[in-house]
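These notes concern the structure reproduced below.
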Amino acid sequence: MTATATEGAKPPSSLCAILVTGGNRGIGLAIAQRLAADGHKVAVTHRGSG
């Protein structure tokens, strides 16, 4: 998919807060970045190395 972050952007009234688990790298990180770029409030969690 080659869509830009502004395509399909929703009006501010339809934005929401989103929790992304595993968002410190890979697909989770990309999803979190895209959602934030689209204007959503994003919280990210990940499992520690210990």
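Worth a mention:
- Region 35-50, residues that are in a loop (DSSP other than H, G, I, E, B) and surrounded by 11 or more Cβ atoms within 10 Å (Cβ to Cβ): Asp38, Gly39, His40, His46
- Matching residues, region 14-23, being surrounded by 14 or more Cβ atoms within 10 Å (Cβ to Cβ) and either among the polar types (S, T, N, Q) or within 14 Å of Arg47 (Cα to Cα) (or both): Val20, Gly22, Gly23
Rule-based calculations on the coordinates, nothing more; no lab input. What you see is a predicted model; the values in this text were computed from it and never measured. Glycine gets a Cβ as well: all are built from the backbone with ideal geometry, and neighbour counts include every protein chain shown.
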